[in-house]
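Engineer: Take this structure, written in structure tokens, and hold onto it; I'll ask about it next.
The values are calculated or read from the model by the stated rules, or taken from the named source; none is laboratory data. No experiment lies behind these values; they were computed from the predicted model shown. Cβ: placed from backbone, ideal geometry, glycine included. Neighbour counts: every protein chain shown. For accessibility, only protein heavy atoms count, side chains too; no ligands or nucleic acids. Shrake-Rupley method; radii C 1.70, N 1.55, O 1.52, S 1.80 Å.
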Amino acid sequence: MRTEPNINEIEANKQKEIMERLKIRIADKSKELGRPLTYCSVCFGCQMNAKDSEKLEGILETIGYVRSESEDADFLIMNTCTVRENANLRVYGRLGQLKKYKKKNPDMMIALCGCMMQESLVVEKIKQSYRHVDIIFGTHNVFKLAELIENKLNSKGMVIDIWEGTTEIVEDLPSERKYDFKCGVNIMFGCNNFCTYCIVPYVRGRERSRKPEDIIAEIQSLVADGVVEVMLLGQNVNSYGKNLENPISFAQLLEQVEAVEGLQRIRFMTSHPKDLSDELIAVMAKSKKICKHLHLPMQSGSTKVLADMNRRYTKEDYLTLVDKIKTAIPDISLTTDIIVGFPTETEEDFNETLDVVRKVRFDSAFTFIYSKRTGTPAATMEFASTEEEIKERFDRLLKEVQDIAKETCSKDQGQVLEVLVEGVDEQDASLLTGRLSNNILVHFPGDESLIGTFQNVRLIEAKGFYYLGERVDN
Ligand code: 5AD
Ligand code: SF4
């Protein structure tokens, strides 16, 4: 028996109808010009944004635009990030340069979306100073791109559609995959943690989990289409499923994903240490498919700073958790994010961070200088250190994490391990690039036909953050 379509199905159908109408208009325009209409998709920021961009590209391809890498395309879409101030500055810089393309091609459309657009001050600035922008939308209505394009074609002014938040998850719209063999899969949207430095909860809204059956159906269809590796995406995957009508844990979801036949590797991102359960560690330890890699942002090693950041764990909690993980999964690779120069951080606090770095010995660490985000609680905190002190600490931390990473990343030298071949090496076309289960890259001689396959590779030489290797017969 067919049940009544719900509001999300109605929305998805509406968008599909608009896409059909646009297909005709774009084909007509293309005939008139005697060439295909092109689109260029620029994406800043995290994996969630990359996934959103795949959805935007899916819509653009469906309505008839052809991909181009050049920014003077007929349709340019920039998916923005606002996690740190310099992400915003990069967008303004790029926008200024786009003016000249629009002059040459007045029919060109420029669309901006993503996290930065969820900030009202940004939208005001664009309205005032960047009048060549045609469409602005945010993080909650990516699925509406076709409708916004149609609105723009039917009107003269800038089309602006920013939602404050949403409870809706519109499923089943096209998505353009970057790789044939691996794919990101959203499992949840938004974040409820409100770390005091972070703007994400304000621009991506409250946590909403997708239903497990929708996730599994998407993965099954990806696998049927040749995908062997999925990356489950969420700002805080460890709190997945808590607010569903039928609550389920992230670990339980992983077990369901593991059972998908044909799927070979499972990754996920990002884990918040406060929510990482024993159940998850146990599921990872016994899994055949979950990769031996955990990204576990620590942010700071100082219990005082962690409290000021509202991270809700202490230095000792973090170290105990890492011990538990390493005991259960000895060959796991651990990576992290660290912020230097949070307002209340002193030299003593920073030394606590260095202490954790030395104890954990991360395989890699993304290090950031604290960037003030207006509207977050930390933005009004007084600085305990000067800019010079912070910069100097950052350099010290970077050197430490790099020295350690070089050593930890070399530990498998000489071994034969399985890699998933991802592509041709960007520097040397005679080499392929593949990824180990623990996320480290390996370059080895081979030809393109191996892309998307698993190969056994001997790790001949550790080069710091990657290996040079040679293929061993499977
Ligand atoms: N300043 C610097 N780094 C930040 N991050 C988030 N917000 C800020 C900020 N205001 C970092 C955190 C997070 C990563 C994605 O970005 O380390 O884990
Ligand atoms: Fe930002 Fe914290 Fe949420 Fe991560 S968990 S997105 S750092 S608020």
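Engineer: Does ASN246 satisfy being within 16 Å of ligand 1 (Cβ to nearest atom) and either more than 21 Å from the chain's Cα centre (by Cα) or within 30 Å of ALA379 (Cα to Cα) (or both)? Show your work before the answer.
Structural biologist: On the way: within 16 Å of ligand 1 (Cβ to nearest atom): no; either more than 21 Å from the chain's Cα centre (by Cα) or within 30 Å of ALA379 (Cα to Cα) (or both): yes.
So ASN246 fails the test.
Engineer: Among the candidates SER385, SER364, SER371, which residue alone is closer than 30 Å to PRO201 by Cα and within 16 Å of ligand 2 (Cβ to nearest atom)?
Structural biologist: SER371
Each row is one residue, and each column tells you yes or no for (1) buried (at least 17 other Cβ atoms within 10 Å of the Cβ); (2) of a type in the set (Ser, Thr, Tyr).
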residue	(1), (2)
ALA429	no, no
ASP447	no, no
VAL457	yes, no
TYR467	yes, yes
ASN474	no, no
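Engineer: Counting only residues that are in contact (Cβ under 8 Å) with a residue 60 or more places away in the chain and open to solvent by 40 Å² or more (accessible area, probe 1.4 Å), how many does the range 234-268 have?
Structural biologist: Count: 2.
Engineer: Tell me, which strands (runs of 3 or more DSSP E) wholly within the range 66-165 include 2 or more residues that are under 19 Å from PHE44 (Cβ atoms) and modelled with pLDDT of 95 or more? Explain how you work it out, then say what you get.
Structural biologist: Numbers: elements: 75-80, 109-114, 135-137, 159-161.
Passing ranges, in order: 75-80, 109-114, 135-137.
Engineer: Moving on. Please work out which residue is farthest from ligand 2 (Cβ to nearest atom), limiting yourself to the range 283-334 and to residues that are surrounded by 18 or more Cβ atoms within 10 Å (Cβ to Cβ) and among the polar types (S, T, N, Q).
Structural biologist: Among those residues, the one meeting the criterion is SER333.
Engineer: Filter the range 290-338 down to residues that are more than 17 Å from CYS195 (Cα to Cα), within 23 Å of the chain's Cα centre (by Cα) and either hydroxyl-bearing (Ser, Thr, Tyr) or assigned to a loop (DSSP other than H, G, I, E, B) (or both), then give me how many there are.
Structural biologist: 5
Engineer: Restricting attention to the range 216-227, and to residues there that are out of contact with any Leu (no Cβ under 7 Å at 6 or more places or on another chain) and crowded, with 18+ Cβ neighbours inside 10 Å, which single residue is nearest to THR376 (Cα to Cα)?
Structural biologist: GLU218
Engineer: Let me ask something else. How about the range 167-204: which of its residues are open to solvent by less than 50 Å² (accessible area, probe 1.4 Å), touching a strand residue (DSSP E or B) at 6+ places or on another chain (Cβ under 8 Å) and not in a strand (DSSP E or B)?
Structural biologist: Within the range 167-204, ILE169, PHE181, ILE187, GLY190, CYS195, TYR197, ARG204 meet the criteria.
Engineer: Can I ask one more? Given the condition within 16 Å of ligand 1 (Cβ to nearest atom), open to solvent by less than 60 Å² (accessible area, probe 1.4 Å) and closer than 18 Å to ILE169 by Cβ, answer yes or no: does some residue in the range 5-28 qualify?
Structural biologist: Kept after step one, since they are within 16 Å of ligand 1 (Cβ to nearest atom), are these residues of the range 5-28: none.
No - not one qualifying residue is present in the range 5-28.
Engineer: With respect to VAL228, determine if the residue is aliphatic (A, V, I, L, M) and within 11 Å of ligand 2 (Cβ to nearest atom).
Structural biologist: Values: aliphatic (A, V, I, L, M): yes; within 11 Å of ligand 2 (Cβ to nearest atom): no.
No, not satisfied.
Engineer: Taking only pairs six or more apart or across chains, which ones have beta-carbon atoms under 7 Å, a first residue in the range 157-175 that is more than 28 Å from LEU121 (Cα to Cα), and a second residue that is surrounded by 15 or more Cβ atoms within 10 Å (Cβ to Cβ) and of a type in the set (Lys, Arg)?
Structural biologist: LEU173/LYS55; SER175/LYS55
Engineer: Quick one: count up the residues across the range 208-237 that are away from ligand 1 (no atom under 16 Å from the Cβ) and part of a loop (DSSP other than H, G, I, E, B).
Structural biologist: So the first thing to find is which residues in the range 208-237 are away from ligand 1 (no atom under 16 Å from the Cβ), and the list is 208-230, 232.
Cutting the leftovers down to part of a loop (DSSP other than H, G, I, E, B) gives us 210-211, 225-228.
Result for the range 208-237: 6.
Engineer: Determine, yes or no, whether GLU61 is over 24 Å from GLY205 (Cβ atoms), at pLDDT 95 or above and among the acidic types (Asp, Glu). Quick ask: steps written out before the conclusion?
Structural biologist: Details: over 24 Å from GLY205 (Cβ atoms): yes; at pLDDT 95 or above: yes; among the acidic types (Asp, Glu): yes.
For GLU61, the condition - over 24 Å from GLY205 (Cβ atoms), at pLDDT 95 or above and among the acidic types (Asp, Glu) - is met.
Engineer: Which ones in the range 269-282 are assigned to a loop (DSSP other than H, G, I, E, B), within 14 Å of ligand 1 (Cβ to nearest atom) and either β-branched (Val, Ile, Thr) or open to solvent by 20 Å² or more (accessible area, probe 1.4 Å) (or both)?
Structural biologist: To start, the set of residues in the range 269-282 that are assigned to a loop (DSSP other than H, G, I, E, B) comprises 270-272, 276-277.
Still in the running and within 14 Å of ligand 1 (Cβ to nearest atom): 270-272.
The answer is THR270, and nothing else.
Engineer: Then there's this: Give the residue, chosen from THR380, THR386, THR374, that is without any contact (Cβ under 8 Å) to a residue 24 or more places away in the chain, within 16 Å of ligand 1 (Cβ to nearest atom) and either open to solvent by 50 Å² or more (accessible area, probe 1.4 Å) or not β-branched (Val, Ile, Thr) (or both).
Structural biologist: Result: THR380 is the single residue among THR380, THR386, THR374 that is without any contact (Cβ under 8 Å) to a residue 24 or more places away in the chain, within 16 Å of ligand 1 (Cβ to nearest atom) and either open to solvent by 50 Å² or more (accessible area, probe 1.4 Å) or not β-branched (Val, Ile, Thr) (or both).
Engineer: If you don't mind, another one. Mind checking which residues of the range 147-157 are hydrophobic (A, V, I, L, M, F, W, C) and open to solvent by less than 40 Å² (accessible area, probe 1.4 Å)? Talk me through it step by step, then tell me what you get.
Structural biologist: Taking the range 147-157 first, the residues hydrophobic (A, V, I, L, M, F, W, C) are 148-149, 153.
Hits for the range 147-157 are LEU148, ILE149.
Engineer: Next question. If you check every pair at least six apart or on different chains, which have Cβ atoms under 6 Å apart with a residue in the range 404-430 that is more than 25 Å from ALA365 (Cβ to Cβ) first and a residue that is of a type in the set (Phe, Trp, Tyr) second?
Structural biologist: The qualifying pairs are GLU418/PHE454.
Engineer: Which is open to solvent by less than 50 Å² (accessible area, probe 1.4 Å), within 20 Å of LYS292 (Cβ to Cβ), modelled with pLDDT of 95 or more and part of a loop (DSSP other than H, G, I, E, B), of PHE342, PHE362?
Structural biologist: PHE362
Engineer: Evaluate the following for PHE342: is it in contact (Cβ under 8 Å) with a residue 40 or more places away in the chain, of a type in the set (Phe, Trp, Tyr) and away from ligand 2 (no atom under 16 Å from the Cβ)? Full working, then the answer.
Structural biologist: Values: in contact (Cβ under 8 Å) with a residue 40 or more places away in the chain: yes; of a type in the set (Phe, Trp, Tyr): yes; away from ligand 2 (no atom under 16 Å from the Cβ): no.
Judged against the criteria, PHE342 is not a match.
Engineer: Exactly one condition in (1) open to solvent by less than 30 Å² (accessible area, probe 1.4 Å); (2) touching a strand residue (DSSP E or B) at 6+ places or on another chain (Cβ under 7 Å); (3) at pLDDT 95 or above is false for CYS409; which is it?
Structural biologist: (3)
Engineer: Still on this structure: Based on what the data block shows, is ASN141 more than 30 Å from SER300 (Cα to Cα), more than 16 Å from ligand 2 (Cβ to nearest atom) and in contact with a Cys (Cβ under 9 Å, 6 or more places away or on another chain)? Spell out how you get there, then give the answer.
Structural biologist: Working: more than 30 Å from SER300 (Cα to Cα): yes; more than 16 Å from ligand 2 (Cβ to nearest atom): yes; in contact with a Cys (Cβ under 9 Å, 6 or more places away or on another chain): yes.
Judged against the criteria, ASN141 is a match.
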